[in-house]
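Inspection log for the structure reproduced underneath, given as structure tokens.
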Amino acid sequence: MASSSTGWSAGRWSHAVARRSPSRSRRSVRSGLPTLRRPSGWTALATGCAIALVVVALSGSPRVGAVSVTGTRHVTPAAIVAATGLVGRPVFSTSAADARAAVLRLPAIRDAQVRLSLPDAAQVDVIERVAIGRWVTGQVEWYVDPEGVLFGSIDPAGAPSLRVIDDRAATRTCAGTTGGRCVDPAVVAGALRLARIGPGELRADELRPEVHVDPTQGLVLRSGAGWEIRFGTPDDLELKLSNAKKVLSDNPTRRLDYVDVRSPDRIVFSPR
């Protein structure tokens, strides 16, 4: 009995081992193979971009061929296009910000927007400065805006007829041949206020009033009859003008060389 019991027991365990052996063998084979995964969405996108860049590199980058310009009056569209430097530049390596900065260096331009469009186009929209008068330095007549920027224009009717003559060498040097931010806005406002004074408004012999910015006397109104009014700085300009009008009304025919109202508290006129 003992012998048969031992034989039965051995046979049972041998059968169990035989059943498990194939299972262990199959697991060992599977674990040795590499795991295959499907590509993620980001991987596919990156691959697509890389392929697109290769195609572009092989086919050559498109270059800017057409530049459209809007908003010009004082400057020609051709001058805007030339300033951008966009024509012929590769679209993918061209900076719209750099082109905008170049356009803004033109004194007549106050703001600009530059857009690049595929395959080979660009759009430039400009906002020009508003001319409020004419500013003469030497032999050149500029337009001037409220900020004191002097600029040229292709439009002869692009500014009011108010005219100021600036006799200061510093203004001529600043303006050069292209213009720029050269005049104190307060001086611009004061000088153009005086330029609105019409013939005969101050005195009967004031036939050809002309406003100057003098390097020594400041704002000066010359009557065209041999006398002038010296205002100095534009501060308290209306009070100074009122004082000058009183002197002139009290002396309607008196010969004068000048009336000096630079100090509202001390009015001087010559000859006395």
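None of the figures in this text is laboratory data; all of them are computed from the coordinates on show. Only a predicted model underlies this, so the values are computations on that prediction, with no experimental measurement involved. Cβ atoms come from the backbone with ideal geometry, glycine included; neighbour counts cover every protein chain shown.
Between Ala112 and Ile127, the built amide H atoms are under 5 Å apart, and every one of these is 5 or more places off in sequence or on another chain.
For Arg163, the amide hydrogen comes within under 5 Å of the amide hydrogens of Arg134, counting only partners 5 or more places away or on other chains and with H modelled in the peptide plane.
Simple rule: put +1 on each Lys or Arg Cβ and -1 on each Asp or Glu Cβ in the range 171-272, find the dipole, and look at Leu256, Thr233, Gly179; the Cα lying farthest toward the positive end is Leu256. For the range 142-157, the Karplus equation 6.51 cos²θ - 1.76 cosθ + 1.60, evaluated at θ = phi - 60°, returns couplings of 9, 8, 10, 10, x, 8, x, 8, 9, 8, x, 8, 8, 9, x, 10 Hz by residue, with Gly and Pro reported as x. Panel order for Glu238, Glu206, by other beta carbons found within 10 Å of each beta carbon, from fewest to most: Glu238, Glu206. The Rg/Rh ratio for the range 133-186 is 0.91, where Rg is the radius of gyration of the alpha carbons and Rh is the Kirkwood radius. Rounded to whole numbers, the Karplus 3J(HN,Hα) couplings from phi for the range 126-135 are 10, 10, 8, 6, 9, 7, 10, x, 10, 10 Hz, using 6.51 cos²θ - 1.76 cosθ + 1.60 with θ = phi - 60°, and x at Gly and Pro.
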